[in-house]
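Written out below as structure tokens is the structure these notes cover.
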Amino acid sequence: MNAMVTSLLKDSSEQRLTLVTLSIGAQMLAIPADVLYEVLDPLPTTRVPGAGDFARNVLNVRGSVVPLADLAFAMGLTRAPQSDRRRIMVLDVAIDGEPSTVVIEADEVHEVVSISRADILPVPATMATWPPDYLLGLYNGPQGFVLLPDLGQIFSTLATKSTAMTL
Amino acid sequence: MISDDLVQLFQDELRELLDSLDRGLLDLRMNPEDAGLIDQVFRDLHTIKGNGAMFGFAELSAFVHKFETAFDDIRSGRARVTPEVIRLALAARDEIPGLVEGTPDETGRRSGILAALSAVLSTDIPATQPDAAPVDLPPPAEARTEAAQLAFRLTGPAFELGQRPDLLLAELAGLGATDFKADVTGLPCLEMLEPSRCDLAWTCTIPATVTDDDVAEVFMFVDAKWDIVRAPAAEAGSAPVVAAPASPEEVVPVAAAVAAPVVRAVPSRAAPEAEPPKAASSRGGSGATVRVPADRLDALMDAVGELVIVEARLTELARNSRDSALMATAEQITRLAAGLRDATMTMRMVPMRTLVGRFRRLVSEVADKLEKQVSFVVVGEETELDKTLIEKLADPLVHILRNSLDHGIETAAEREKSGKPVEAVVELTAQHAGTEVLVRIRDDGRGMDPEKLRAKAVSQGLIAPDAVLSEQQLFGLIFEPGFSTAATVTELSGRGVGMDVVRRTIEGLRGSIEIDSVFGVGTTVTLRMPLTLAIIEGLLVEVEGERYTLPMTSVQEIVALPADKFTSGRAGDFLDVRGHFVPFLRLRNAFDCGGNPPDAQNVVIVTSGDTRIGVVVDRIIGTNQVVIKQMSKLHVGLRTISGATILGDGSVALILDVPHLVALGRQKGNIPNRSLAA
């Protein structure tokens, strides 16, 4: 996925990117539409004892047991209070090169947008609060900056961390 | 171009043929005189050669051809099977996968093996074997001094059987035959023509180097009449013949061959189009089975798994509705789902035989290397196991076998001294026992000395010098990490890495391993494996509203938690189960469930190996069929959880990994103050 997103951004033959925008707290994010499998209303979850903060729960998505990853935790964002606009997004990403299904929670899912590649800016070096490789870039949307998280990188890094646990 | 499907088919069949070849060669070593086995080996080689040629692996085909030629000397009785022949043949067999992959043979190993093989066979002529019965032998193929004329025609409904004269001609051309001529005198007039019959006959000149047997081999699987005429100028000329064009481009369909009997030399890789399809291969009985890619079976299993879950949900809903019609329907679905589940699981079953071939090979090689005489006996080759399980069992079994051969079996001299037959026996048994499969590896070697094990364990600090251990427990020590009694580390084993890995692997597959030994008599290692990995019987428990599943196979009993143990006291978390102290683990604490324990709690006693621990839970919900789902990569680091399952209400319950829970409980029992939150 990482490579795919990277190539999505670099491959100049494709001039426009199709993204899905969502909010976590006050921050707008955008993920490539082709990794998004579906958007669902929140489902009951099951706590995984001993799991790290990044993926505390699992849930049943159409008969598969899928981890619920907390993108807000990974990116240091503050979540909005519980509301009926909250959705879960089922993503197909590669974790350490292995195709996996992961669910993330969004406080709100907005729309599908088409962005010109030229509008995507590199991450300013001053954004020191981010782990450097968690972002692919950002662009200026109608309501402020929209971040493009590097999902493959985030999941792979946190999967390695969770493997190091002992319980 | 050849499609990927076909290549896959070729590869699959090649694997089977190589397995069969392995089996044949190794059996032949035991029974060197068995003509049936020799034929089987020969047939396998011939089919590999044929398939190789058909799929364009010219190098493979050429190599196997020479291999096969060497074996033909054995088949025709000109040479005998010796261990050296088998060794070289196995070496040659090992070159085949490389040839398929196109690995270059830079060191000339391949030709070396072939040369050695034919050298061994040529020196091993019956004359040097006085006990051979020379009367029964066909006259050795005398080398002709000059070229001869070969005449042949196909008999019977050749085209109906899918025979391919073009391939025969190509094969003959490969032997060096020249001057092909077609004999059209047999052709009837058009209205009499029988399309399934081959009315043409051919003649060609074969060089002096080609023996009658070489020719016989070409016609091995063909109904043909052929004759070699020594004098090249003999009667052949009397028939009107049509010269064959040399150009392979000259493609003429069979029907046209009637009007213009032209023979073509088709290169073996040309795709036949106008020709009748090749008849079913000589490996018979294929009508009863269907080859299915493994991933399709996996997909089916997944679907059945989901069906079982939905069925559980439906049953629950129906029961709650108290609608009798709905309940009756749900019951029917339950029955059908169970049938479908069993049928699907049966489809995934493969016999142990698929593994055993590899083991025979391993045992014979390791025994040779160690210069020990070992007969490897397999009982219950047809015992079936889930295919995933079979794949994962291979490595542990290899390890156990190696150990047995290296440490268990004595040298020939030692065996003689202790009055045992020089040839040792290693026996692998596989049998079904209820919902389990027992795989047992028994040797009649020196066995293990409990006292030596004890001394070693004490010196390594694994047990206290005054510890009282049963013989069973002492044997169990060899599964401890780093424990090895071998005085010397050999190339094969003795480093003490291994048996602990073996146990972990087996337990990871929800199986168990036991070892039993009588000093001086032998050792038996027993593996108990579940029949399948996909669906298990589980015990559903609840702690603080959270539900967990324990594999039923490891649950021993359920007892109520005595009131004085409700809170962890000074006495420590031990339970007195009929006089045995069993440490227990409060799941509530271990899993940080929070909340307060209810007034009545239960303890599920689980076992792993020979250790028991209690797991304290709030409530036992009951047993259920559990379709196992693997945890994602984000959760693989969790050792106490082996997977997850979906319950009837659609929620997820985690499956607890008993061996790790036991390790956790034992650790806690030994060191009471140690925190569990690692």
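The values are calculated or read from the model by the stated rules, or taken from the named source; none is laboratory data. None of these values were measured; they are calculated from a predicted model. Cβ: placed from backbone, ideal geometry, glycine included. Neighbour counts: every protein chain shown.
Of note:
- Qualifying residue in region B:580-593 (condition: within 26 Å of residue B:470 (Cα to Cα), without any contact (Cβ under 8 Å) to a residue 60 or more places away in the chain and out of contact with any Lys or Arg (no Cβ under 6 Å at 6 or more places or on another chain)): yes
- Options B:52, B:56, B:98; residue that is closer than 19 Å to residue B:168 by Cα and surrounded by fewer than 20 Cβ atoms within 10 Å (Cβ to Cβ): B:56
- Pairs where the first residue, in region B:288-315, is at the interface with chain A (Cβ under 10 Å from one of its Cβ atoms) and the second is surrounded by 11 or more Cβ atoms within 10 Å (Cβ to Cβ) and part of a helix (DSSP H, G or I), C-beta under 8 Å, 6+ apart: B:307/B:337; B:307/B:340; B:307/B:341
- Some residue of region B:544-554 being within 14 Å of chain A (Cβ to nearest Cβ) and in a loop (DSSP other than H, G, I, E, B): yes
- Hits in region B:572-601 (condition: more than 14 Å from chain A (Cβ to nearest Cβ), assigned to a strand (DSSP E or B) and among the charged types (D, E, K, R)): B:576
- Hits in region B:301-348 - residues which are among the acidic types (Asp, Glu), out of contact with any Asp or Glu (no Cβ under 8 Å at 6 or more places or on another chain) and assigned to a helix (DSSP H, G or I): B:302, B:306, B:311, B:331, B:342
- Flag for residue B:312 being touching a Leu at 6+ places or on another chain (Cβ under 8 Å) and at pLDDT 85 or above: no
- Residue A:96 in contact (Cβ under 8 Å) with a residue 60 or more places away in the chain and within 14 Å of chain B (Cβ to nearest Cβ): yes
- Of the candidates B:37, B:26, B:18, B:9, the single residue that is modelled with pLDDT of 85 or more and part of a helix (DSSP H, G or I) is B:18.
- The residues of region B:631-652 that are facing another protein chain (nearest Cβ under 7 Å), surrounded by fewer than 20 Cβ atoms within 10 Å (Cβ to Cβ) and farther than 26 Å from residue B:584 by Cα, listed by number, are B:650, B:651.
- Against the test of being among the charged types (D, E, K, R) and in contact with a Pro (Cβ under 6 Å, 6 or more places away or on another chain), the options B:331, B:384 yield a single qualifying residue, B:384.
- Going through (1) part of a helix (DSSP H, G or I); (2) in contact (Cβ under 8 Å) with a residue 24 or more places away in the chain one by one, residue B:62 falls short only on (2).
- Residue within region B:619-630 that is surrounded by 22 or more Cβ atoms within 10 Å (Cβ to Cβ) and either more than 34 Å from the chain's Cα centre (by Cα) or not in a strand (DSSP E or B) (or both) present: no
- Count - residues of region B:308-338 that are surrounded by 17 or more Cβ atoms within 10 Å (Cβ to Cβ) and polar (S, T, N, Q): 1
- Taken together, B:617, B:627 contain a single residue that is touching a residue at least 12 places away in the same chain (Cβ under 8 Å), closer than 17 Å to residue B:563 by Cα and either among the hydrophobic types (A, V, I, L, M, F, W, C) or facing chain A (nearest Cβ under 10 Å) (or both), which is B:617.
- None of B:541, B:502, B:525 is at pLDDT 90 or above, closer than 25 Å to residue B:389 by Cα and surrounded by 15 or more Cβ atoms within 10 Å (Cβ to Cβ) except B:525.
- So residue B:29, is it touching a residue at least 40 places away in the same chain (Cβ under 8 Å) and either within 23 Å of the chain's Cα centre (by Cα) or surrounded by fewer than 18 Cβ atoms within 10 Å (Cβ to Cβ) (or both): yes
- Which listed residue is more than 9 Å from chain A (Cβ to nearest Cβ), over 36 Å from the mean Cα position of the chain (by Cα) and either modelled with pLDDT of 80 or more or more than 30 Å from residue B:474 (Cβ to Cβ) (or both), from B:671, B:605, B:655: B:605
- Selection of region A:55-71 for residues being under 23 Å from residue B:592 (Cβ atoms), more than 7 Å from every other protein chain (Cβ to nearest Cβ) and not aliphatic (A, V, I, L, M) yields A:56, A:57, A:70.
- Residue that is farthest from residue B:483 (Cα to Cα), among those in region B:448-465 that are modelled with pLDDT of 80 or more and not aliphatic (A, V, I, L, M): B:465
- A search for C-beta distances below 7 Å between a residue of region B:340-351 that is hydroxyl-bearing (Ser, Thr, Tyr) and any residue that is surrounded by 17 or more Cβ atoms within 10 Å (Cβ to Cβ), counting only pairs 6+ apart in sequence or on different chains, returns B:344/B:301; B:344/B:304.
- Filtered residue count, region B:416-451, keeping only those that are in a loop (DSSP other than H, G, I, E, B) and touching a strand residue (DSSP E or B) at 6+ places or on another chain (Cβ under 7 Å): 6
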